[in-house]
Amino acid sequence: MTDRQKVSILDLKKKKSKGEPLKMMTAYDYPGAILVDESEVDIILVGDSLAMTVLGHPDTVSVTMDEMLHHCKAVARGAKRAFLVGDMPFMSYQADKSEAVRNAGRFMKEARMDAVKMEGGDEIATTVKAIVNAGISVMGHLGLTPQSATQLGGYRVQGKTAESAAKLLQDALSLQDQGCFAIVLEAVPTELAALVSRKLTIPTIGIGAGPDCDGQVLVLHDILGLFDGFAPKFLKQYANLRPKILAALEQYCGDVDARRFPAPEHCFDGNEPSLQAFLSEFK
Ligand code: KIV
């Protein structure tokens, strides 16, 4: 990267109008944020997927506001260039509009995010509007919305019928009308995602939504191969770090067992005379 200027919401809009793909990636902690920020990724999403990737939950439902803020703060300390989006966790915006505005405000004020992301369509439109009116940028999330996966009958492709496709398009237009600056489309047929992307003036960011979205997003731990056994069709793994990490740990254990570690170059000299005198008393 030559230009290390902070990415602004205007840069994201410009990319859509120029037909340049937007690149979004998750990060959940300080070292991860530094790495992603050093790449050419435009947007770092502190996704509630951290419930699974770093907290060991089976889904995103249990993650709390405080846990999300804790991780967002670490990411904000590491990332100086990318546009930062904090994911509002389940039940932080569904029950009460004022509570939703206050919680969105915490992502900005306490965790120094540039925007928040919320799952849902027309049913959250007035809440989106209230948050936007408070001066907070909102990214929408349609299609497979993991916080309501139980209601959807599991992690399934959405918008496969004319009726559900029409609803998704309507939801996308409604979120745009309420002031969303971008919308994630998750697990949606390629042709439907292409139509939605054409109809909207704001960028769509796809995950399992084909190549015609205005941008793409994936989960950092998935593309790096840090997990075994998670292989949805839309995932492309760019590195397989798990065996490399396991090999390093095995080598470390072998070195400690064989007393090869620590070697002299890892140790501190004890040749200070008073220390030598003290030690000689114990010989
Ligand atoms: O939580 C997350 O990581 C997400 C992305 C998959 C879009 O919502």
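Bear in mind that the values in this text are calculations on the coordinates, not laboratory data. Just so it is clear, the structure is predicted and the values come from calculations on it, not from any experiment. Note: ideal-geometry Cβ built from the backbone for every residue, glycine included; neighbour counts use all protein chains shown.
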With R₀ set to 51 angstrom, the calculated FRET efficiency between the beta-carbons of Ala263 and His70, to the nearest 0.05, is 0.85
So Arg102 and Val54, fully extended at 0.36 nm per residue minus their Cα-Cα distance, gain in nm 14.7 nm
Computed about the Cα centre, the charge dipole of region 165-283 from +1 Lys/Arg and -1 Asp/Glu charges at the Cβ has a magnitude in debye, to the nearest 20, of 400
Given the candidates Cys213, Pro89, Ser62, the one whose Cα lies deepest towards the positive end of the charge dipole of the chain, counting +1 at each Lys or Arg C-beta and -1 at each Asp or Glu C-beta, is Cys213
Taking the alpha-carbon centre of each part, the distance from region 71-104 to region 232-283 in Å is 38
Protection proxy (average C-beta count within 10 Å per residue), highest first, orders 124-134, 204-214, 159-169 as 204-214, 124-134, 159-169
Placing +1 on each Lys and Arg Cβ and -1 on each Asp and Glu Cβ in the chain, then taking the dipole about the Cα centre, the residue among Leu249, Ser274, His141 whose Cα reaches farthest towards the positive end is His141
With label points set 7 Å from each Cα along the Cα-to-Cβ direction at Ile245 and Ala166, the distance between them in nm comes to 4.7
Computed on Cα atoms, Rg of region 9-239 relative to 2.2 N^0.38 Å comes out at 0.92
To the nearest 0.05, the calculated FRET efficiency linking Asp228 and Leu275 through their beta-carbon distance, R0 being 45 Å, is 0.40
Expected sort for 253-261, 65-73, 268-276 on mean C-beta neighbours within 10 Å, highest first, is 65-73, 253-261, 268-276
About its Cα centre, the chain carries a charge dipole, from +1 on Lys and Arg Cβ atoms and -1 on Asp and Glu Cβ atoms, whose size in debye to the nearest 20 is 780
As straight-line cross-link partners of Lys6, the qualifying aspartates and glutamates (C-alpha separation under 13 Å, not fewer than 8 residues apart within one chain) are Asp37, Glu38, Glu40, Asp42, Asp114
The Cα radius of gyration of region 174-262, divided by 2.2 N^0.38 Å with N its residue count, comes to 1.69
Shape descriptor, region 95-200: equivalent ellipsoid semi-axes (Cα gyration tensor, sqrt 5λ, whole Å, largest first) stand at 25, 15, 12
For Lys160, counting only lysines whose alpha-carbon sits under 21 Å away and dropping same-chain residues fewer than eight positions off, the answer is Lys199, Lys233
